[in-house]
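Okay, so here's the structure we're looking at.
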Amino acid sequence: MRRPSSLVLLLLATSIPTRAAAVTPARPRATRPAAAAATCDMVLLPGGTFDMGTDRGLPFEGPVHRVTVHSFWMDRCEVTNQEFARFVAATGHRTESERQGFSGVFVPGAQEWQPIKGADWRHPEGPSSSVAGRDDQPVVHVSFDDAAAYAKWAGKRLPTEAEFEWAARGGRAGAQYAWGDTLHPGGRQMANTWQGHFPEHDAGTDGYPRIAPVGRFPPNGYGLLDIAGNVWEWTSDWFSEDYYRRAGGAVDPTGPATGSEKAIRGGSWLCSANYCTGYRVAARQHTPPDSGLNNLGFRCVRPAAGPR
Ligand SMILES: [Ca+2]
């Protein structure tokens, strides 16, 4: 049963500055710039060794520890409603939100999360809403199992936390964000986030007061789109507050063996400077695997040796 706490977990993080972590520079192979939002192919990331986490963020974002990941392919974009619809049409999959009859929706007018009956991936804000005209928006209200089922159907899998952070850093040694150390370089909005004081007011100066279609913001150094902001993304790792203390030197770490919550990455359209700041490359949050939320989606990866 979905626990009510899952609806508020994403509200717990506070804004804490982070120290840039060192990254062993590596150049992407066989990548090319994203020409358009619709170019949602896969990107081949290089392998490498980097300093994961931060010692100046939330307590569970550290300690900084050295990790190695091998080369892998990653979806350039978050999985969209159109892609998820193909999966559902092919498999008849029913999401956990559909089976449970409700899901978590952030209601701006109420300035809080609410369990909304009839909210699911086809009805992101509740039964009166739909995904008509939202083919290129990331699918939301998908649980961990829903995301994993899609990944298996697509011949892929969900990324580990280490893979996600390595990917988000995009080859930028020590950067705080996927695009560098300045949140708004030249005043430019680099990700779909929340402008203003959360939860009272989102000025929407990035052009998207809610979820944005994928690919509307600049790619990072590896050509990945929306690797920060828009929607949080599931990883395959169980979450543990002390895992980083025992993960130093790990090669392709896969997280704790067991747990009650999954680690999620990337931040969302609800992340602001006064709260969450989940768009930092070292930022992490956690939520029960049966969570359904309208700011949580996913993207997939596959081994470098596999077919594209
Ligand atoms: Ca926004």
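Derivation of every value follows stated rules applied to the coordinates shown; laboratory data play no part. Treat the numbers as computed from the prediction; the structure is a model and nothing was measured. All Cβ positions, glycine included, derive from the backbone under ideal geometry; neighbour counts span all protein chains shown.
Listed from fewest to most Cβ neighbours within 10 Å, the set LYS262, LYS156 follows the order LYS156, LYS262. Between ARG56 and HIS93, the FRET efficiency estimated from the beta carbon spacing at R0 = 35 angstrom works out to 0.30. For the pair the stretch 187-219 / the stretch 128-161, the C-alpha centres are spaced 21 Å from each other. Placing unit charges on the Cβ atoms of the charged side chains and taking the dipole of the stretch 43-308 about its Cα centre, the candidate lying farthest along the positive direction among PRO46, ALA147, PRO108 is PRO46. Is the shape of the stretch 96-242 rounded, prolate or oblate, going by the alpha carbon gyration tensor and its root eigenvalues a ≥ b ≥ c, with a/c under 1.5 for rounded and a/b larger than b/c for prolate? Because a/c hits 1.5 or more and a/b fails to exceed b/c, the stretch 96-242 counts as oblate. A Förster distance of 30 Å, applied to the separation of the beta-carbon atoms of GLU241 and ASP181, puts the FRET efficiency at 0.65. Charge dipole of the chain (Cα centre as origin; +1 on each Lys and Arg Cβ, -1 on each Asp and Glu Cβ, all else neutral): 700 debye, rounded to the nearest 20.
The alpha carbon gyration tensor of the stretch 61-158 gives principal lengths a ≥ b ≥ c with a/c of 1.5 or higher and a/b no greater than b/c, which makes the shape oblate. Under a 5 Å amide H to amide H cut-off, with H placed in plane at 1.01 Å, what residues pair with LEU45 once short-range neighbours are removed? Under 5 Å from the amide H of LEU45 lie the amide H atoms of PHE72, TRP73, MET74, each far enough along the sequence or on another chain.
The simple spin-label model puts a point 7 Å past each Cα toward its Cβ; for HIS201 and ALA132 those points are separated by 3.4 nm.
Using the Cα coordinates of the stretch 43-308, the gyration tensor eigenvalues translate into equivalent-ellipsoid semi-axes of 26, 22, 18 Å, sorted from longest to shortest. Exposure proxy shown here: for GLU200, GLU83, the number of other Cβ atoms within 10 Å sets the order, fewest to most, as GLU200, GLU83.
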